[in-house]
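Have a look at the structure below, then the notes.
The values are calculated or read from the model by the stated rules, or taken from the named source; none is laboratory data. Just so we're clear, the structure is a prediction, and the values are computed from it rather than from any experiment. Neighbour counts run over all protein chains shown; Cβ positions are idealised from the backbone, glycine included.
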Amino acid sequence: MKKYNCKKIEKKWQDRWDENGIYQADDFSKKKKYYCLIEFPYPSGTGLHVGHLRSHIAIDIVARKKRMSGYNVMYPIGWDAFGLPTENFAIKTKTHPKIVTKNNIKNYTHQIKSYGPSFDWSREINTTDPKYYKWTQWIFLKLFNSFYDEKLDKARPIEELRMPKKLDEFEKRKYTDSHRLAYKKEMAINWCPSCKIGLANEEVINSTCERCGAPAEKKIMKQWILKITKYADRLIKDLDTVDYLDKIKTQQVNWIGRSEGAIVKFPVILRRHNKESRANTQNDLNNGINTPTTPSQDGNSSLSARNDSPIIEVFTTRPDTLFGCTYVVLAPEHPLIKNLESGIENLEEVKEYIKESKNKSDLDRTDLAKEKSGVELKGIKAINPVNQEEIPIWIADYVLFSYGTGAIMAVPAHDERDFEFAKKFNIDIRQVVAPLFIDKGKNKIRKDKKNTKREVVDVIIKHWNKDEYFCLDWSKSKNDWKTFIFGGVEKGENIKEAAIREAKEESGYQNMRVVKKIGNEIRSRFFAAHKDVNRHDLKRNCVYIELIDNSYVKPKIEHVKNHNGIWLKREEVKNFINLEELKIYWDIFQSGEKPFTEEGIAINSGEFNGLTTFEFKKEITSWLEKNKLGKKAINYKLRDWVFSRQHYWGEPIPIVKCDKCGNVPLLEKDLPLKLPDVKNYEPTETGESPLANINKWVDVKCPKCKGKAKRETDTMPNWAGSSWYFLRYIDPKNDKEFASQNNIKYWMPVDLYNGGMEHTTLHLLYSRFWHKLLYDLNYVNTVEPYKMRRSHGMILAKDGQKMSKSRGNVVNPDEVIEKYGADTLRLYEMFMGPYGDAIPWNTTSLIGMNRFLERIWNMQKKIETQNFVSSPKKTHNIKQLLHQTIKKVTEDIDNLKFNTAISSLMILANEMEKGEEISLDYYSQFLILLSPFAPHIAEELWELREEKKSIHLQKWPRYNPELIKEKKITMIIQVNGKLRDQIKASADISEEEAKKLALESEKIKKWINRKEVRKIIFVKGRLVNIVA
RNA sequence: GCCGGGGUGGCGGAAUUGGUAGACGCGACGGACUUAAAAUCCGUUGAACUUAUACUUCGUGAGGGUUCGAGUCCCUCCCUCGGCACCA
C-alpha cells in the first residue's frame, strides 16, 4: 500500500462526489427532512480565510452525520453578491461589477470545493441574478402594498386599509402612503462621506461607518424606510418559540430595547402675553415629532391640549417622579422650538446653540465624558401638569431627538443625567422617591407585633483629633446591627437638636458641633428585637457632627445596654456598617450627593404620597389618561430600517415616481426590474445614485396614468437579498413563485442555522422581520424562519488579533490544504477548541491532526499484513471502547462539540493501534465515525473494503447501551474528602461491601489512625468517603 | 456605566454537571532507529519536597462561605473578551 497522499485522494473524491451528486437533497422524500444552513458567503476579491471555513465544516459534519442517520438533508450554498466592496473594487479596477462578481464566485467555488463540504450545488443561488432579485423586488412590493393592522397585530394588504371618511383623492393617497410598511420619508440619515452612501443604524459602529471606518455624518435625504418597528413586540415575543443561543436572544432583546412608560403633555406658556406670537403648534406637534413607534401617533386627537397653548410631549419610564420634575428639555432639533421662537427672549443664544450641536459629530455628541451643555429658553415656561408649577424649558443635546418624543421631563433627584445637568445649571433638585428598606432577614417585620412609626436621625460622629468615627456594635442585643448612633426625634425637637442629644446620651462625649446634614429621606421597616416592636422609620437626613474635645460623661446604662461604642478608621467604616440605609448615607458623606434612581416610596407627591413606585406608575398613568394629560406608551430603541442606498450594485427599487400619482409600484408582471448596464457607476457627489444619470432608464411612463414619470433610482441595501434567501434554496428554479407552497411546507423551518454573532442585530433580525411579513400575508407557514440558531467563534490570527488583510495576518486555506490536505485542515478547525469560542490559529498544532491521519492510514497497512480476520481475543478490549466512542461522537456532533468528538476518536485509534491485531470490523466502524470529519481519507480507505457504496451513504452506527457499562471500576477511597486509596471493584458493588473494603485498606487505616469514624459516604460506582 | 461570556499546566483545551483536576493534541525533555538530520516509534512532562515513576504537601484569577467532598453552588472583589451606551 502506498503512502498517504492527501492531495491525490482528495481531488479524486471531490470529483467523484460531484459527478454522482450524492449530496443532493430530494424535494419530498419518505425520509424526515433536515434543513441546515450556513450564512451564504459574500464573494469578495480577497477570497476565503480559514475563519470563514469553520462554520462550513462544522455544519458539514452535522449534515453528513444526519444524512447517514437516515435524514433527507439539505445543505445548500449560494452567493450574497450585491454590495459595496464589489462596487468599490469595480470602480478601482474599471471592471464591471457583474464581471467582478462572476470572477469572485468562480474563485470562491474553487476554494470551497477544495475542502470537501457536502453542499448541494444543484441549488446554488446568487442574489445578483435577475431571476433571484425579481423576488427580492417582489417582497419589497409586498411591503409597499401592506399596512400594519394594530388590532389584529399583523400586516394586511393595503387595499384592506379602512379610510377615514370625507377624504379627497390627495388626502386618501397621503393617508394610504403613511400606512405602507415601506414608505419614503425625508429624514436625517447616517451618511458615510467616504463611501457616499446612507447607512442603517445598525451599520454605524461607534459613530463610524461599519465598512470603511470614516466618521458618519448626518444628511437630510428622502429615504425608503421599512417599518420594522411594527414588528418589535413580535420579534421579542416569538423568541420564546425558537432555540437560539441565549446570548443571541438577549442581544436581540436589548437591541430592540422595549421600555414601558407614559407620554406626558406639558403645556407651554409665554411670559410676554402676546397673542400673535403664541404659536398654534398642535398640528406641527402631531406631524413633526418623530415618534413612529409610540401609540400616541395614532389617535392623537383624543389627547387634546388645554386651550390652544403649545404642548411639549415627553416620554418617560418614570411617570411616578412627575412631582420631582423641575424642568423640561427639548432636543436641539425639536421642531417645536421654531414655533416658540417669538416667545424666546434669548433667541440668538438659542440659535447659536442649535447651530453648534448640528455641527457636532455624533461622536462628540455622545461622548459620555464631556460635560453637559444646554441653553434655557428664556421668556417661556412649561407647566407641570400634576401640580401646575411653572418650570423652565431648556434645550440640550443630551436629549436625543431620535428617541421617544425628542423631549424629556427632567427629574434631577432621580436621574443621573438630569442631576448632572441641574447641578451644573443650578436648577432645583426635588426628592420625590424615598428609598425603602424592608428587612427580609432576621429582623423581618412580625405580624404579631405592634407597629410603631417614628422619625429617626442617624448621626455620624467624628473624633476630636483623629480621622475616626463613632460606631455601635449591637451584638449584645438580639439585633446584630452595626450602625452609627441613631435615635428618635422627639416632639418639639428639630433634627440637629435630636442628633446632638442622641450623640451625648449614647457616646458620652459632651463637646461637639453640627457640621452638616447629609443625604435625603429614607424609609425603613424592620422588627426591633430589643424593644419587641415593628418599626417604620422615617429618616429625613443623617447629621454629621464633629467632637471638639474629649470631655466625657459616662452614659446612663439605659442608653448603652444594647450596644458597645467603638471608634473606627474611615476606611473601616464601610465594611463595618451592615444596614443598607446607613451605607447610603456613608457613601454620600464620602463621595458627595447622588441621585436615587431605583424604586422606592413616593414622597412630596401630594395625594400619591406613600405609594410604591410600581403602584404610583399605574395610578398616575390612569390619572393622566383621565385628565387627557398623557397616556401609557411603549418605546423602542429599535429604529425603522432605512432601506435606501444611493449606489449602483444593488437591487433597483421597483417604484416609479409620478408627479400626478406619487410613488407607483411596478406591476408584478414587470419584475424583475433589471439593473441597466452602464459605463459609469461611481457614486455621485449629490448623494444620488449613479442610476439617476441614465436618462434612458430613468424616464418612464407612469404605470397608472401613463403620464411622464421617473424611476426610483435608489437601490436596496445588501441586507435585502439575504433576508429571504433560505426560502429560495427550497425551490431555486421556480419562476412562478419565490418558492412553491408545497416545497415551503416540506422544508420549512430551517432546522439549524449557523452564523456569526455580528449578524445578530442585522441580518438575523431583518430576515425574521421579512419572514413575519410573508407569514402575515400567508406566503409561508411558519412564524419564525429558523428553529435553531447557533454561532461559531472567530478564528484569530496567531497573535490573538482579528484576521484581516490590512494586518497581514490572514491564513489562507489554500496553502494549508496544499501542504497538509483538506482533511487535516478540517480536523484541526474542529479540534482547536470549543466551537463557539474565539481561538488563535496555530500551525504547529495542526501537525497533530496530520499525524493522526497518517496513523489511521498506517493501520490499514497493518491490517493488510495481518490475518484477514483477526481473532476477537487479540482485540477483546476494543469492543466496549468502540461503543463508548459511538455514543460520544454521536452526542457530541448533536451538541456541536466537535473538539471532544475528535479527541474520543483519537483515544479509540490509540487503543486499536496498541493491540496485536486490528479488527477489520472495528476499523470499518471507526472509519464511518471519522467520515464526517475527514470525508476524503475515510472514503479512500472505505473503498479498499471493497464496498461499492460510498462511505457517506452508510448507516451511522448505533451503540449497544449494555456494552458501554463499565463492569469493573476504580473505586475511590477518600478520608475527609481527600483521595487516599483506590480499589478495583465491580461496578455494582454494594454499599456494605464497599465500606468494608475501604475500612480494610492498610492505607486507609493509617489515615484514620485512632480517630473515630463518624460517617461513611458511599456514591455508587464511584467512591467511598470516610469522615473521621 | 449597563447586559452577556470567560479566567484551569509552557500552549490550545478536557472534566460524567457537586465525586480521582489536567482527557486529547501541541510544545519540551530523554531514549530507539540513522553516518547524520528530518520523519517515525517508545517513555517522561502541574508545582514543591525527594536518590525515587515511593510518600506527602500545594494547586483551577483573589478572598470568604455552604458541603463529608467545590474548577463546578453562594457572597465580595480583580482581570479579560463580546455587545450596548446621554435610550429619558
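Annotations
Rundown of residues vs (1) modelled with pLDDT of 95 or more; (2) of a type in the set (D, E, K, R); (3) outside any strand (DSSP E or B), yes/no style:
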| residue | (1), (2), (3) |
| --- | --- |
| A:Pro117 | yes, no, yes |
| A:Ile125 | yes, no, no |
| A:Thr128 | yes, no, yes |
| A:Lys134 | yes, yes, yes |
| A:Gln137 | yes, no, yes |
| A:Leu167 | no, no, yes |
| A:Arg173 | no, yes, yes |
| A:Glu202 | no, yes, yes |
| A:Gly213 | no, no, yes |
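- Flag for A:Tyr923 being buried (at least 18 other Cβ atoms within 10 Å of the Cβ) and away from RNA strand B (no atom under 12 Å from the Cβ): yes
- Residue check, A:Arg535 assigned to a strand (DSSP E or B), out of contact with any Phe, Trp or Tyr (no Cβ under 7 Å at 6 or more places or on another chain) and basic (Lys, Arg): no
- A single entry from A:Ile847, A:Ile839 fulfils the requirement of being within 25 Å of A:Asn754 (Cβ to Cβ), within 11 Å of RNA strand B (Cβ to nearest atom) and β-branched (Val, Ile, Thr): A:Ile839.
- Residue ID - nearest to RNA strand B (Cβ to nearest atom), chosen from residues in segment A:894-913 that are surrounded by fewer than 16 Cβ atoms within 10 Å (Cβ to Cβ) and acidic (Asp, Glu): A:Glu913
- Among the numbered conditions (1) hydroxyl-bearing (Ser, Thr, Tyr); (2) part of a helix (DSSP H, G or I); (3) at pLDDT 95 or above; (4) under 17 Å from A:Glu651 (Cβ atoms), the only one that A:Thr86 does not meet is (3).
To keep it simple, each residue is scored yes or no on (1) crowded, with 23+ Cβ neighbours inside 10 Å; (2) over 24 Å from A:Lys247 (Cα atoms); (3) without any contact (Cβ under 8 Å) to a residue 40 or more places away in the chain; (4) among the acidic types (Asp, Glu).
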| position | (1), (2), (3), (4) |
| --- | --- |
| A:Trp697 | no, yes, yes, no |
| A:Cys702 | no, yes, no, no |
| A:Gly707 | no, yes, no, no |
| A:Lys710 | no, yes, no, no |
| A:Pro717 | yes, yes, no, no |
| A:Phe726 | yes, no, no, no |
| A:Pro732 | no, yes, no, no |
| A:Asp735 | no, yes, no, yes |
| A:Tyr766 | yes, no, no, no |
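- Of all residues in segment A:314-362, those satisfying the criterion of being part of a loop (DSSP other than H, G, I, E, B) and closer than 26 Å to A:Gln388 by Cα are A:Thr317, A:Arg318, A:Cys325, A:Thr326, A:Ala331, A:Pro332, A:His334, A:Pro335, A:Ile344, A:Glu345, A:Asn346.
- Residues (over 15 Å from A:Arg1022 (Cβ atoms) and either more than 12 Å from RNA strand B (Cβ to nearest atom) or free of Cβ contacts under 8 Å to residues at least 24 places away in the same chain (or both)) located in segment A:961-1000: A:Pro961, A:Glu962, A:Leu963, A:Lys978, A:Glu992, A:Lys996, A:Leu999, A:Glu1000
- So A:Gly343, is it buried (at least 22 other Cβ atoms within 10 Å of the Cβ) and over 30 Å from A:Lys632 (Cβ atoms): yes
- A:Glu818 under 26 Å from A:Phe140 (Cα atoms), touching a residue at least 12 places away in the same chain (Cβ under 8 Å) and more than 16 Å from RNA strand B (Cβ to nearest atom): no
- Only strands (runs of 3 or more DSSP E) whose full extent lies in segment A:435-475 are considered here, and the ones with at least 1 residues that are over 19 Å from A:Phe589 (Cα atoms) and among the hydrophobic types (A, V, I, L, M, F, W, C) are A:436-438.
- Checking each residue in segment A:93-132 for being more than 20 Å from A:Arg826 (Cα to Cα) and small (Gly, Ala, Ser) picks out only A:Ser122.
- Restricting attention to segment A:1001-1019, the residues that are modelled with pLDDT of 85 or more and either touching a helix residue (DSSP H, G or I) at 6+ places or on another chain (Cβ under 9 Å) or more than 11 Å from RNA strand B (Cβ to nearest atom) (or both) add up to 2.
- When the residues of segment A:245-270 are filtered to those that are over 24 Å from A:Ala407 (Cα atoms) and among the β-branched types (Val, Ile, Thr), the one that is nearest to RNA strand B (Cβ to nearest atom) is A:Thr250.
- Complete set of residues in segment A:786-820 that are in contact with a Ser or Thr (Cβ under 6 Å, 6 or more places away or on another chain) and buried (at least 18 other Cβ atoms within 10 Å of the Cβ): A:His792, A:Ile817
- A:Lys504 vs. criteria within 30 Å of A:Val432 (Cβ to Cβ), out of contact with any His (no Cβ under 9 Å at 6 or more places or on another chain) and among the basic types (Lys, Arg): no
- Residue list for segment A:243-282, filter: assigned to a helix (DSSP H, G or I) and either closer than 30 Å to A:Glu625 by Cβ or modelled with pLDDT of 70 or more (or both): A:Asp246, A:Lys247, A:Ile248, A:Lys249, A:Thr250, A:Gln251, A:Gln252, A:Val253, A:Asn254, A:Trp255, A:Ile256, A:Gln282
- In segment A:215-238, the residues that are surrounded by 19 or more Cβ atoms within 10 Å (Cβ to Cβ) and either among the acidic types (Asp, Glu) or assigned to a helix (DSSP H, G or I) (or both): A:Ile228, A:Thr229, A:Lys230, A:Tyr231, A:Ala232, A:Leu235
- Test result for A:Ala63, at pLDDT 95 or above, of a type outside the set (Val, Ile, Thr) and assigned to a helix (DSSP H, G or I): yes
- Taking the criterion of being in a loop (DSSP other than H, G, I, E, B) and in contact with a strand residue (DSSP E or B) (Cβ under 9 Å, 6 or more places away or on another chain), the residues of segment A:494-528 that qualify are A:Gly508, A:Gln510, A:Asn511, A:Gly519, A:Asn520, A:Glu521.
- Of all residues in segment A:987-1004, those satisfying the criterion of being among the charged types (D, E, K, R) and surrounded by 11 or more Cβ atoms within 10 Å (Cβ to Cβ) are A:Asp988, A:Glu991, A:Glu993, A:Lys995, A:Lys996, A:Lys1003.
- Of the candidates A:Asn145, A:Asn206, A:Asn190, the single residue that is loosely packed, with under 13 Cβ neighbours inside 10 Å and touching a residue at least 12 places away in the same chain (Cβ under 8 Å) is A:Asn206.
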